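Have a look at the structure below before the remarks.
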Amino acid sequence: MDMQQNHKVYMTELLYPTLVRIDWLTENVYFVQNFRDIVVCNLNAKRCATIYSANVHTTIVAFEIDPCSG
């Protein structure tokens, strides 16, 4: 994605996205949805996938990404 141009990507049908993190190297957006799922969305492909689901008794309160470490 050329960051010099003004691109808008709209993500619809999200329920309570929180803790949004952006990986500028891969152009992925990570966030917690419904307080239990970590979701990744690619800005170029405009696709999302759940990469982690906590059990029903767990609430995700923090997470970090480190693009340099993989």
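For the range 20-58, enumerate the residues that are among the aromatic types (Phe, Trp, Tyr) and within 9 Å of the chain's Cα centre (by Cα).
Matches in the range 20-58: TYR30, PHE31.
So, in the range 2-54, of the ones that are on the phi > 0 side of the Ramachandran plot and modelled with pLDDT under 80, which residue ends up surrounded by the most Cβ atoms within 10 Å (Cβ to Cβ)?
From the range 2-54, those on the phi > 0 side of the Ramachandran plot are 13, 16, 19, 27, 34-35, 46; that's our starting set.
Retained after the next criterion (residues that are modelled with pLDDT under 80): 13, 16.
Numbers: GLU13: 5, TYR16: 10.
The qualifying residue surrounded by the most Cβ atoms within 10 Å (Cβ to Cβ) is TYR16.
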Does the range 55-70 contain at least one residue that is at pLDDT below 90, surrounded by fewer than 10 Cβ atoms within 10 Å (Cβ to Cβ) and on the phi > 0 side of the Ramachandran plot?
yes
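The values are calculated or read from the model by the stated rules, or taken from the named source; none is laboratory data. In this text the structure is predicted, and so the values were computed from the model without any measurement. So basically every Cβ, Gly included, is an ideal-geometry build from the backbone, and we count neighbours across all protein chains shown.
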